[in-house]
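Structure first, then comments.
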Amino acid sequence: MNGSRAWFDKDFYKVLGVGENASADEIKRAYKKLARQFHPDKNPGNKEAEEKMKDISEAHDVLSDGKKREEYDEVRRMSRSGYGPGGGGWQQNVRFEEGIPFDLGDLFGGMFGGARRGGGQARRGADLETSVRLSFEDAARGVTVPVRVKRDAPCSACGGSGDRSGWAHPCPTCGGTGTTTESQGMFSFARACPTCGGSGRQIQDPCPVCRGSGIEHRTETVKVKIPAGIRDGARIRVRNRGGAVTGGQTGDLYVVVAVERHPVFGRAESDLTVDVPVSYSEAVLGTKVSVPTLEEPVTVKIPAGTESGKTFRVRGRGIPRPKGGRGDLLATVRVHVPKKISKEERELIEKLAQMDGEAAAERARSQA
């Protein structure tokens, strides 16, 4: 069971504004709504909104993952029972170090019948988040985009080892695990190794570029593959492109997608929507119209007597679905009413109005 101190300190359900029994769909909808409100693109220079977006993303990352959510809920139950920071249980014997993940299975090893698996829990670098803006077409079709990221990366000179030779010796105290284990009755406590500070390494000849840290801060261009049919507000996870940490696992990069509006098309899930303007005479008499799609246009038959607002479905001409296949094209008829008409047109319309009035009067008499 892996976690972080935030699992004790933060109420992720409250951050997203959902109940503890919220379904996966409710969590998804709540995240998308908040992401649109606090996205950096809509709040440029607003540090408060930026921090809020980080909390929202962190909460979504945990609650949208079934396994993480289950473990998080278990941690909260333990905390409420007194096991955790401020709970009066083991908190006085455990020291949290910011930035160093801990293993709850180690802290409660005796309670869950387990010793440590495979030695110490490796440190992990910070997850990073950035955003990318896409056109409607690129989001629908899929595209690979370059993203500039400033991050702590493995030193290019020593390969992240911290040693000029490109290889660092394992720490003799912890054997390279970075942690030491101490048993106290029914509990097992994992602590950062006092010799190597948790790095698990022993540097003999420090690298002159990173001064033995194995890390350098640099700006990189990461190519991110955007899948076809991506939605506005979606987050794409790029593994091992977040912050690096000495002797530990590199964090991940999360790319938040903002999709621009299209002047013609709209979207309903995986269906492509479009309005089709027709004249009054075309709606009355029927016609065939050419309707645009994301590829070549299609011809849609408008039957005689079609009312404004009627929607016609063209199968398979919508947006690609994540699991394969495509949505449909939904073409909605909009009867166009001209603002200016010629004298001849006015006379014809007035005559038609007169005929409509006479027909209505005749219908009324027949029903009397």
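Structure above, values below:
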quantity: Per-residue HN-Hα couplings for segment 205-212 [Karplus 6.51, -1.76, 1.60; θ = phi - 60°; Hz; x = Gly/Pro]; calculated: 10, x, 5, x, 7, 9, 6, x
quantity: Cross-link reach list, aspartates and glutamates versus K32, counting only Cα pairs under 14 Å and skipping chain neighbours closer than eight places; calculated: D55, E58, D61, D232, E269
quantity: Order of D61, D163, D41 - criterion: other Cβ atoms within 10 Å of each residue's Cβ, fewest first; calculated: D41, D61, D163
quantity: Under-5 Å amide H pairs with E129, H placed in peptide plane, nonlocal only; calculated: Y254
quantity: Distance between segment 307-359 and segment 216-259 - C-alpha centres, whole angstrom; calculated: 45 Å
quantity: Three-way shape label, segment 266-337, alpha-carbon gyration tensor, a/c 1.5; calculated: prolate
quantity: For segment 295-309, Karplus couplings with θ = phi - 60° (6.51, -1.76, 1.60), whole Hz, Gly/Pro x; calculated: 10, 7, x, 10, 9, 10, 8, 9, x, 4, x, 6, 8, 5, x
quantity: Nonlocal amide H pairs with V147, under 5 Å, H built at 1.01 Å; calculated: V222, K223, V224
quantity: Entries in K28/K301; K33/K310; K288/K351; K47/K323; K42/K225; K14/K223 that, when Cα-Cα distance is taken, lie over 32 Å; calculated: K28/K301; K47/K323; K14/K223
quantity: Packing-based order for 303-316, 25-38, using average beta carbon neighbours within 10 Å, highest first; calculated: 25-38, 303-316
quantity: Inter-label distance, nm, simple model (7 Å from Cα along the C-beta direction), E307/R148; calculated: 5.5 nm
quantity: For S308, distant residues with modelled amide H under 5 Å away; calculated: V335
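Each reported figure results from applying straightforward, stated rules to the coordinates on display, with no laboratory input. Everything quoted here is computed from the prediction, not taken from an experiment. So basically every Cβ, Gly included, is an ideal-geometry build from the backbone, and we count neighbours across all protein chains shown.
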